[in-house]
Structures are given as C-alpha cells and as structure tokens.
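Asks: I'd like to ask you about the structure that follows.
The values are calculated or read from the model by the stated rules, or taken from the named source; none is laboratory data. Just so it is clear, the structure is predicted and the values come from calculations on it, not from any experiment. Methodologically, a virtual Cβ is constructed for each residue, glycine included, from the backbone with ideal geometry; neighbour enumeration extends over all protein chains shown. For accessibility, only protein heavy atoms count, side chains too; no ligands or nucleic acids. Shrake-Rupley method; radii C 1.70, N 1.55, O 1.52, S 1.80 Å.
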Amino acid sequence: MALPELSFEVLGQLSKEYLDHAHRVAGDIKDEDQLKDYFKLVSMSVQCLQYLKTNYPLSIAQDAEITYQLVEVLLEETLNFDLAEAYLSSIRERLQNHHGSYSNWSVLHEKMKFEFLTLYVLPMKRDDKFHYRIALKNCDEVVHFLAEWKYDKNVTGSWLLIFQYVNIRLNIKLNNVKRALSQFQEMTVVGKGSTEWKSFIILCHVNFYLNQRLIIPSYLLKALGSLSCDQVGAKLYGWKLMLELIIQIYKDSDITGNLNEFKEFFAEQKDALKDDQDSVTLEIGPSVHMHIQLSSVFQYKHLKNVLLLLQSVSYLVNCYAKRANFSTKFLPKVSLTTKKLISSVTQSGPHSLSFYDSRIEWYRTIQQFSEFYQKWEGLLLTGQIKDTRGNTFLTQDYAALLSVISHQIGSMKDGSQICDSYNEIISRNRTSNEVRMVALLNAYIIRVSLMSGSVQKQEQLIHCNSLWLQITNTLEQTDLHLNPTWDCTVVVIWLISHFESFTAYPLPVSDDERSSYIERFKVYYEKNKFEGNEVDNDLNDSGVKKLKKSLLMQILLNYVGGRLFEQDLTVISQISGICFRLARQQKFLILEYVVGLWHLMNCTVAMKRKEVVLVTATLDSIVKKLSAGEQSSEPAS
Amino acid sequence: MSKYPGENTNLPKNILESLSNVGLNHLVPKDGLSAMIDSPLIASLVRSSDLDTITSSTMGTVQTTGIPLDTIAHINQEKLVFKRPKALSHNGNTEGQKKSLFDGLSSIAKSCLDLTNCEVESEDIRSLPVENNQSSVKR
C-alpha cells in the first residue's frame, strides 16, 4: 500500500525552518554536543531538499530553486564541495537542454546564476589553485559567449559585467597581477553598467592596487576622487574615504584633511551609517542585482574602529610628542573595542556559524595589528621590544622582523648572525616589500660597519653591493618611492656608508653617484632641517618632500646635513645640540653617544665651556652604562 | 688621560656603526592595512522573485498523522561533512542552564528530527584542509 508522503510544500518549508532555526540558535552553542545539534539541524535542512530532488517530479523552475538553496547550504556549512558541484552540473545541464536554446530570458538568468555559483562562490570556498584555474578557464568561455551575444545586449550586458568581475577575482587568487590589473583598467575605463556598479569597480580596483603596493595611475586616482556621496550612497562613500586615507598613510603623508572629511561625513550621514546593514545591493542592469557585503566599512561600528587604528598607525612615529601621541591613547582603545566586538559577535545574528567564524577571524586581524603597533610603539618610546616570543602576529613577516630587530638592539657583537637572520626574511618569497626593505637596509648597515673590522673586505663588499642593488630595485619598483620617509632614509644610508665622516670604512664611489645622492639629500634637508632653536611638533606635515617628524629621521637628517652643508659654527653647534637632545629621547644609548661626540666636538671648537662640561659628564655616564651593559651582555637600556 | 669620554673603549665612534646596533625604528611597516579593508568582501547574487513563491505555502494546515516522517531519512546520499569553526571556540562555559538547541522548532519539525534519528558525530565536523595557497599581499 502506498503511503501518503510529505508534500512538496511541507518539505520545502521544513528545510527552511531547520536552517533558519539553526542560524537563530548558532549564538547559543557552548559545547561540542550543541555543535553537533547545530549541524543536525543543518543536516535535516539538507536532507529535506535532497529528498525533494530525488522523489518529486520537479518543474525546471522548482528544480532550479531547490538546487540553488541546496548548493548554498552545502557551500556555507559543509565541506561537501564535490556534492555541491554535482548538483550544479546536473541543473546546468537541465537548463541547457531546456527548449534547446536561450530563447527564454528567465532560463538564461537562471543559468547565469548557477554559473556564478560554479565559477565564483564554489572556487572561493574551495580555495585552491587547481580549482581556481579550472574556474578561470570556464569563466573565460562564459565571458566570450556573453560578449559575442548578438541579440538583446541589455540582458547579457549585465551578466557580462558580472563575469568580467569574477574573472578578475579568479586572476587575483591565482596571483595573475598584471592580468587582473589590465582587466580592472578595461572595466574602469570602458565604464559600463550603473553608476553604483562602476563606482564599486573603481573601489575594488584602487583597493587592489593598494594591496599590491603598486603606484596607482592618475586616471584611477581621479576616478576615485570624483565619487560623490550623493551618487554612490553613504556605504560606498565610506569605503572611498577609507581608501584615500590609506593612500596617504602608505605615503606617510599628512592625514588631517582626510580626518576632517570623515568628520564631515559622519555628521552628515549619521542616520544612513547607523542602520547596521553590512551590505549594499547594486543594480547592474535590468533585473540583475548584486549583493555586496563589506562589514569593514559598511558598518559604522567597524568603520570607526578601523579608523582609530589607522589614525594610530599614521601618528605612530610621533608617539613621543605630547601633542601627537594618538597611538598611545587609541591603540589600547582599539584592542578593547575589538575584544568587545568578538564577545558580542553572535548578537548580530541570525547568521550561520561559519559567518560568525569568519567575522571573528577578521576581528582577530584587527587585534593583531593593534598588538603589533603597540610593540612598535614600545620600540619607538623605550628602544626595546618586549616579549617577541609567543605572539601570533598577522604574518610571519612581522613576527620575524620584530624578533630580529629586538636581537639587533644593543647587541655589539653578533653582527653577521643578525645579518643572516635578516637574510632569511629577505630571501623568503612571500616577504612584503616593506619588510624586505627594512631587512635590507638594516642588513646593509650591519654589513658595512662589519667591514671596518673585517679581514675579508672583498667578500663583504660583494655582499654590500648586492644588498644595495636590491634596495634600489625595491624602492623603484614599488610605491615606497612615493613615500619621502623611505626615499630619504635610503639616501641617508647611502651617504653615511660612503663618506668618511660617517663610517670608518667608506665604500668606493664615483663622482656622478656622489653628486646625485647629495642633490637628492639636499632637497630633503632644506625642507626638513631644524628651523631656529626649537623642534616644533607641527602636525601638518604637508607638502612635497616633507617628512614625518620621527626622532630617528630628524636626528639622521640633521646630523648628516649639519656635517655636510653647514658652515657657521654657531648654527652647527645649535643643530648638534638639538640632535643630542632628541637622541636622548630616543633611548638608544649608542646613538646618543655618537651624536654626543659630535656635539662635544662642536662645543669645544665653539669654545662653549659650560656646555663642554655638561656634555662630557653626560657622555661619561653613557660610557659607564654601555660598558656595564656590555659586560652583562644585556641589551642596553 | 683620554681626550673624550670612551676614547679608549671599542664603542662605535661613527654614526653608521651606532645605527648597526639600533635598527631603523622610524620605518613603520604598514602592509596589510588595505587588505584588512577588502578581505571581508562577499559578492552574491540577489535572486529575483519570479521563482521564490514555490515554497511559500503555509504549514498551519498540515496533517502530521499518518505521514511517514522518517521518509527523508531513507535518502542515501553522500555523507555530509560539516565545517568546524576555526576562530569561534565554545569555551565550555555552561553556566546557567544549557539551552536545548531544538527548543522552538515546530512540532512537525521536532517529530521529523526524532524519527529520522539524524546523527552527527564529532568526526563529521572537520576543519578545512590547509592549502599552501594562502592569498597573500605579496605580488
């Protein structure tokens, strides 16, 4: 006897109930048993849909709907990617054979939605190169098919844009940077689709340039600058402001203007920002919409927190100055806020467990940044890095860099060992350009200073030359040369390794090289040298070639400039006096000592008797501390 | 007597050597800040409503008696393996009464769950295998 069965409607409804319920209770999970129960609910939801697929004669529309739901759950909650793929191929085949053609627009739409799942959502979940490659190849075909479509371009046009975008994302995942950039360029320049969509592409495009640390072309900067809040809406506009801020921060430029823009934006768009929606819906073309989730900037609470972090980073090198020590105040605040966000993450629901999971991972990134910059602030304020072990920093890069720097500080010996450690960082494939550059410069300095005592000068010279070549290449090929701090540092390091007044073993140099570096340095010196007696902590470090007023940069710039360019003895001793005072703030005894020697020399020549006595006393005590430190082989503090 | 403090020590006397003992702390690495902004980006399609109506009939009138609720358990599909959360850890904090996750389900959903005897074991909840394909900020 045939038993009555659950109807199609009831099963569909049940599946939805199980999943919705699971997402409602996901925040209550406290132990492994409850975790299992959560997945029981998910499993029931999946089984209802599977049952529908196997036991009911579904119309193509019903089949499409059920399959879409089924694949979405599988991709969100399970690792059954092959199963999801099997469902996707069978429904694509059914749609393909339907009417034998695409005469019916809704069938084309359906087909494209499944292509999107197959070529974008699924590979992103799988996250491996093999599947990215396959998806890219198939995506190329879809793009080609849509581009060649001769009939109603209105409809296919929107899909063409979506798959061009998917294509870029796949290329990014495969590290095909050049291809991704040229595709972005095409989409930005040709500029098809709605205003919102075009803006979205511009924002992604700029964000990608920044992630790659490449120089953003001017047409793109212009396009970014022209996005207005009225046109794109508050959420996308917040993203725009954020990118413009990061552009400034990557250049170490003044961000006062950016912060004011944010202030204005918050005041005007208060209500639009506080709706707590983490997504926007973009109309791409007739009846084709895309949902963009970007909680980092779309949600006010996140935007504010990230802004505080970025502001701290920008002012980090000024942390010693009372008027600019934002990082000291803000970084602990960022950590605290993020901790609160983590503990209340499930209150943002209902969401799937994996949604909460990835949200928390993102919060952890912010925490790690905050922790990293607090360590760096310690380096700036105390000349030391505390506890580099046991930290889970963002990247291997950052952890390794902190560890080597902490070994380097105050270690009078072990030069070549530290060079080796830097070398490890340098030769690693994935090291970011910045970290590589810091490692290169530090390693170079150590190598050159090793030469004075070395018997194998020739060999050391080869090392130095090779390091220097890498330094100039890295500077030229990345956005670092847009940053005056990095550029000026490279120039200063060159000078102090090639001039007798700065090193015991100046490296050989040609006249052309010498004058070219001196010219480059002169520009920085003229713009940034001490004016008058006092060091001003002017926050508005604007203008070309203007440097952030970090202690070390100021000391180096004025020390080198004072010795190379200044003639007047009064001026020189004034400069050396300020340098000496700054060096004392810097808390690197050995630097203080060397700068102090210069000041002592100037005071002696200028016959400033009183000053000579004072400086000599200070230097005596430094020498004592350093010798004591050396004996106990403790880092000087 | 020495002419200046530390003259006869092996302390560095020039700026280059002194720098080799301190490290360049004014070069603050900032890589990854922009990726922090766009890494949570998720793009998805908005499904148009033309097909949405299929499953929206109400359940109020459903008769549960006589319906073999265990039918769906008979599906012999590939075993499901669920994603184990990475960052989210249930800390075993069971203060207060532990809530049953099934509270609030409709009666038909509850009976279906009981009858199907759906089981999920810890070994069915796994972490995504680690790929050596981390998308990185490096070019």
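Asks: Return, ordered by residue number, the residues of the range A:218-261 whose backbone nitrogen is under 12 Å from a label point located 7 Å along Cα→Cβ of A:ASP275.
Replies: A:233-236, by backbone N distance to the label point.
Asks: Starting from the amide H of B:ILE125, placed 1.01 Å from N in the peptide plane, find each other amide H under 5 Å away whose residue is 5 or more places distant or on another chain.
Replies: Under 5 Å from the amide H of B:ILE125 lie the amide H atoms of B:PHE82, each far enough along the sequence or on another chain.
Asks: Treating the angle as unsigned and between 0 and 90°, give the value, to the nearest 10°, between the Cα long axis of helix A:609-631 and the longest Cα principal axis of chain A.
Replies: Value to nearest ten degrees: 60.
Asks: Are there any chymotrypsin sites (Phe, Trp or Tyr not before Pro) in the range A:472-517 that are in a DSSP loop and have at most 16 other Cβ atoms within 10 Å? List them by number.
Replies: Here no loop site has a sparse enough neighbourhood.
Asks: From the Cα gyration tensor of the range A:159-229, with a ≥ b ≥ c the square roots of its eigenvalues, which class applies: rounded if a/c is under 1.5, or else prolate if a/b is larger than b/c, or else oblate?
Replies: oblate
Asks: Mind jotting down a quarter of the surface of the convex hull over the alpha carbons of the range A:255-366, in square nanometres, one decimal?
Replies: Approximately 9.1 nm², given one-decimal rounding.
Asks: Rounded if a/c is under 1.5, else prolate if a/b beats b/c, else oblate: with a ≥ b ≥ c from the C-alpha gyration tensor eigenvalues square-rooted, which is the range A:206-305?
Replies: oblate
Asks: Length gain on complete extension for the stretch A:ASP127 to A:GLN96, per 0.36 nm per residue less the alpha carbon to alpha carbon distance?
Replies: 8.4 nm
Asks: For chain A, what does the relative contact order come out to in percent, with C-alpha contacts under 8 Å and a separation of six or more?
Replies: Relative contact order for chain A comes out at 9 percent.
Asks: Please compute the length gained on full extension between A:GLU459 and A:HIS144, using 0.36 nm multiplied by the number of residues separating them and subtracting their Cα-Cα distance.
Replies: Residue separation times 0.36 nm, minus the Cα-Cα distance, leaves 107.8 nm.
Asks: Between A:VAL509 and A:ARG428, what length in nm is gained on full extension when 0.36 nm per residue of separation is reduced by their alpha carbon distance?
Replies: Extending this stretch completely gives an extra 26.1 nm.
Asks: What accessible area per residue, rounded to a whole number of Å², is obtained for the range A:88-223 using a probe radius of 1.4 Å?
Replies: Heavy-atom SASA per residue in the range A:88-223 reads 43 Å².
Asks: Tilt of helix A:415-427 relative to the longest C-alpha principal axis of chain A, in degrees (0 to 90, nearest 10)?
Replies: Compared with the principal axis, the helix lies near 30 degrees.
Asks: Once each part is reduced to its C-alpha centroid, what is the distance from the range A:314-345 to the range A:58-75 in angstrom?
Replies: Going from one Cα centre to the other spans 47 Å.
Asks: Would you kindly find the accessible area of B:CYS112, with a 1.4 Å probe and non-protein molecules such as ligands, DNA and RNA excluded, rounding to the nearest 10 Å²?
Replies: 0
Asks: Sort the range A:27-167 into rounded, prolate or oblate with this rule: let a ≥ b ≥ c be the square roots of the eigenvalues of the Cα gyration tensor; rounded if a/c is under 1.5, and if a/c is not under 1.5, prolate when a/b is larger than b/c, oblate otherwise.
Replies: Oblate, since a/c reaches 1.5 and b/c is not below a/b.
Asks: Can you give the mean number of other chain Cβ atoms that lie within 10 Å of the Cβ atoms in peptide A:274-285?
Replies: Taking the mean over all residues of the peptide, I get 1.
Asks: Further question on the same structure: Just the number: Rg to Rh for the protein assembly as shown, Cα atoms, Kirkwood Rh, two decimals.
Replies: Reported Rg/Rh, Kirkwood definition of Rh: 1.06.
Asks: So if the hydrodynamic radius of the range A:330-480 is defined as the Kirkwood radius over C-alpha pairs, what does Stokes-Einstein give as its diffusion coefficient at 4 °C and 1.567 mPa s, in µm² per second?
Replies: In µm²/s, the coefficient rounds to 73.
Asks: If one takes the longest principal axis of the Cα atoms in chain A, at what angle in degrees, from 0 to 90 and to the nearest 10, does the Cα axis of helix A:551-565 lie?
Replies: In chain A, helix A:551-565 runs at an angle near 50 degrees to the longest axis.
Asks: Helix-only mean residue ellipticity at 222 nm, chain A, DSSP H runs n ≥ 4 weighted -39,500 (n - 2.57), per residue, nearest 500. What is it?
Replies: Calculated mean residue ellipticity at 222 nm is -23500 deg cm²/dmol.
Asks: Tell me the chymotrypsin sites (Phe, Trp or Tyr not before Pro) within the range A:117-180 that lie in a loop according to DSSP and have at most 14 other beta-carbon atoms within 10 Å.
Replies: Passing sites in the range A:117-180 are A:TYR151.
Asks: List the equivalent ellipsoid semi-axes of the range A:558-637 in whole Å, largest first, each obtained as the square root of 5λ for an eigenvalue λ of the Cα gyration tensor.
Replies: So the three semi-axes of the range A:558-637 are 25, 14, 8 Å.
Asks: Average the reciprocal distances over every distinct pair of alpha-carbons in the range A:110-230, invert the result, and give the Kirkwood radius in Å.
Replies: Taking the inverse mean of 1/r over all distinct Cα pairs, the range A:110-230 comes out at 15.1 Å.
Asks: Hey, quick one: spin label on A:GLU9, modelled 7 Å out along Cα-Cβ, who in the range A:61-91 has an amide N within reach, i.e. under 19 Å?
Replies: Residues passing the 19 Å test: A:61-63, A:65-66.
Asks: Mind giving me the FRET efficiency for B:SER44 and A:PHE565? R0 is 60 Å, r the Cβ-Cβ distance, nearest 0.05 is fine.
Replies: Approximately 0.50, to the nearest 0.05.
Asks: Evaluate the distance, in nm, between pseudo-label points positioned 7 Å from the Cα of A:SER627 and of A:GLU476 along their respective Cα→Cβ axes.
Replies: 4.9
Asks: Using only the Cα atoms, what convex hull volume per residue in Å³ does the range A:100-179 have?
Replies: So the per-residue hull volume is 87 Å³.
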